[in-house]
Amino acid sequence: MAAGLRAVPRTLRQDLLSASGPRPQGEQQGWLLWRPALAVPLLLLAVFLLVAGTVEYSRRFHLGMEAGVVLAGVQAGALVAALYRPRAAWWTTTAVTVVAALWAEPRVDPDALYPWSSVGVTVTSGVLLLVALTHRPRVAVETLAISLGAGVLCSLLHTRPHNSPSAGLAFVCFSIAVVVGAALRGRRVARTQLVEQEEITAEERARRTLLEERSRIARELHDVVAHHMSVISIQAQVAPHLVENPSEELKENLAGIRQNAVEALTELRRVLGVLRSEDPAAGAGSEVSGAAGVGAGAAGPAARHAPQPSLERLDELVANVRGAGVPVIVDVVGNVRAHSPGVELSAFRIVQEALSNAMRHAPGAAVRVMVAHQRAELVVRVTNTAPDRPVAPSPGAGHGLLGMRERTAMLGGELAAGATADGGYEVTATLPLNTPVLNPSPPKGNPS
């Protein structure tokens, strides 16, 4: 208890006098936006209080017109200044209250409000309200206690009795101002924290969605890479039998190639085990789950061993969508030819997700799919018309556009998605056919 009592002066000095004390929290919680709206009403109120205070101090407190103008002017100005410096304004109005009460005590009317004048009660209540709005509750309670203590001290130093309800009125008004201000500030702080938490949650959700989408893409590409590694291993094993009297050096090199391919396959399986989700059928991801029956997203135990789809299965994908009652037109432009498995898989998944989005978000719309085989790139465009009936709200945040962007960026391509002039939606993906390796790792070992 003794240590706590010794800490009181230091705490009061830090909270109420120190320039490095607690800053108004409202500046971080919309207080700067409130001040212009409150400035004009407070200026009008200050003018009224200046006139009323001058009359009260000069006629009821008998301090003279000049002193009344000065004291009322300082108090009215303190109310406006509290918008920007609440603690300084509170000190000012408290000092004016004490000076006016002690100065006028021998001559004040017996029935006048004392030690607080009616203007003093109004100004101090407004300043305490602004202090409680902008500072933590401890500062508000400290200012309330000192304000009431200053009035009680003036009452104890009287030389004659004063019949006035000023003390009780001040206690009620000051307490209400502090309680209301603290409650509004607490509500604002809680709302600010809630908004910040929602932003953090949204960022975490977006980051988790991105990681899930990348993991899904990695699981799908595992099959493509594993196929190539298996071919390399088989070719390295068969190659010595295709050459008459192969040299020992050739056999050793081919055996090394096959051994490295087998080891790479083993590591790929380990990586896949880390990436694979708890649901073995989740590899198809949101692109399939978003539209039942769309594409090669079969569920079940066989899904984990099913080959990854390519553009050869585009007709099957479109047939499933048409079977769901969606009119789809397919245009294939250019010289149709086989592309790398990664490009084929990404193009198929982009078309699949675009069709799924059209079914989900544009009921009754007609869809047009265009696949253009160009010399250096593969262009996929999916366009749907405006929906012919209200769209049901989405059950949650999907991965569709995010997945399409990740697949396009992985190949070094570009994706454009947005609304069309007729109220529909269009997705265009440009996939380079000869994707350069970005930031390749430096070669290890002997370049020879």
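The values are calculated or read from the model by the stated rules, or taken from the named source; none is laboratory data. Not measured: the values here are computed from a predicted model. In this analysis, Cβ positions are derived from the backbone assuming ideal geometry, glycine residues included, and neighbour counts consider all displayed protein chains. Heads up: the accessible areas ignore ligands, DNA and RNA and are worked out on the full protein's heavy atoms, side chains in. Shrake-Rupley method; radii C 1.70, N 1.55, O 1.52, S 1.80 Å.
Among the residues of the range 231-244, some residue qualifies, meaning at least one is in a loop (DSSP other than H, G, I, E, B) and either polar (S, T, N, Q) or at negative phi (or both).
Out of curiosity, is Arg219 modelled with pLDDT of 80 or more and either charged (D, E, K, R) or not in a helix (DSSP H, G or I) (or both)?
Numbers: modelled with pLDDT of 80 or more: no; either charged (D, E, K, R) or not in a helix (DSSP H, G or I) (or both): yes.
Criteria not met by Arg219.
Those residues that are without any contact (Cβ under 8 Å) to a residue 24 or more places away in the chain and loosely packed, with under 14 Cβ neighbours inside 10 Å, I need them from the range 159-185; list them, please. If the condition is that a residue be without any contact (Cβ under 8 Å) to a residue 24 or more places away in the chain and loosely packed, with under 14 Cβ neighbours inside 10 Å, then Gly168, Val172, Ala183 are the ones that fit.
Yes/no matrix, rows are residues, columns are (1) crowded, with 17+ Cβ neighbours inside 10 Å; (2) touching a residue at least 24 places away in the same chain (Cβ under 8 Å):
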| site | (1), (2) |
| --- | --- |
| Leu50 | yes, yes |
| Gly53 | yes, yes |
| Arg59 | no, no |
| Gly64 | no, no |
| Gly68 | yes, no |
| Gly77 | yes, yes |
| Ala104 | yes, yes |
| His135 | yes, yes |
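Identify, from the list Ser346, Ser340, the residue that is closer than 20 Å to Ala416 by Cβ and polar (S, T, N, Q). None of the other options fit; the residue is Ser346. Only one of the numbered conditions (1) open to solvent by 80 Å² or more (accessible area, probe 1.4 Å); (2) closer than 28 Å to Gly73 by Cα; (3) touching a residue at least 12 places away in the same chain (Cβ under 8 Å) is not met by Leu156, and that is (3).
Here's the yes/no breakdown for (1) at pLDDT 90 or above; (2) within 29 Å of the chain's Cα centre (by Cα); (3) within 22 Å of Arg208 (Cβ to Cβ); (4) open to solvent by less than 60 Å² (accessible area, probe 1.4 Å):
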position: Gly396; (1), (2), (3), (4): no, yes, yes, yes
position: Met404; (1), (2), (3), (4): no, yes, yes, yes
position: Thr420; (1), (2), (3), (4): yes, yes, no, yes
position: Pro432; (1), (2), (3), (4): yes, no, no, yes
position: Pro436; (1), (2), (3), (4): no, no, no, no
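Within the range 104-119, the residues that satisfy the criterion of being out of contact with any Gly (no Cβ under 8 Å at 6 or more places or on another chain) and part of a helix (DSSP H, G or I) are Ala104, Ser118. Kindly indicate whether Thr122 is open to solvent by 10 Å² or more (accessible area, probe 1.4 Å), out of contact with any Phe, Trp or Tyr (no Cβ under 7 Å at 6 or more places or on another chain) and free of Cβ contacts under 8 Å to residues at least 24 places away in the same chain. Taking the combined requirement at face value, the residue does not satisfy it.
Scanning the range 193-200 for residues that are touching a residue at least 40 places away in the same chain (Cβ under 8 Å) and surrounded by fewer than 17 Cβ atoms within 10 Å (Cβ to Cβ) turns up nothing. Screening the candidates Val108, Val131 for the property of being β-branched (Val, Ile, Thr), surrounded by 19 or more Cβ atoms within 10 Å (Cβ to Cβ), modelled with pLDDT under 85 and touching a Phe, Trp or Tyr at 6+ places or on another chain (Cβ under 8 Å) yields one hit, Val108.
Give me the residue from the range 79-93 that is touching a residue at least 24 places away in the same chain (Cβ under 8 Å) and open to solvent by 50 Å² or more (accessible area, probe 1.4 Å) and, out of that set, farthest from Asp109 (Cα to Cα). Steps first, please.
So in the range 79-93, the residues touching a residue at least 24 places away in the same chain (Cβ under 8 Å) come out as 79-80, 82-84, 86-87, 89-91, 93.
Cutting the leftovers down to open to solvent by 50 Å² or more (accessible area, probe 1.4 Å) gives us 84, 91.
Values: Tyr84: 35, Trp91: 26 Å.
Result: Tyr84.
The residue that is modelled with the highest pLDDT, among those in the range 1-24 that are surrounded by 13 or more Cβ atoms within 10 Å (Cβ to Cβ) and either more than 22 Å from Ala145 (Cβ to Cβ) or touching a Lys or Arg at 6+ places or on another chain (Cβ under 7 Å) (or both), is Leu16.
Which of the numbered conditions does Leu211 fail, given that it passes all the others? Conditions: (1) hydrophobic (A, V, I, L, M, F, W, C); (2) open to solvent by 40 Å² or more (accessible area, probe 1.4 Å); (3) modelled with pLDDT of 85 or more. Leu211 satisfies all of (1) hydrophobic (A, V, I, L, M, F, W, C); (2) open to solvent by 40 Å² or more (accessible area, probe 1.4 Å); (3) modelled with pLDDT of 85 or more except (3).
For the range 321-365, how many residues meet the condition of being without any contact (Cβ under 8 Å) to a residue 40 or more places away in the chain and in a loop (DSSP other than H, G, I, E, B)?
We begin by selecting, within the range 321-365, every residue without any contact (Cβ under 8 Å) to a residue 40 or more places away in the chain; these are 322-325, 335-338, 344, 351, 363-364.
Right, trim to in a loop (DSSP other than H, G, I, E, B) and you get 324-325, 335-338, 363-364.
Here the count works out to 8.
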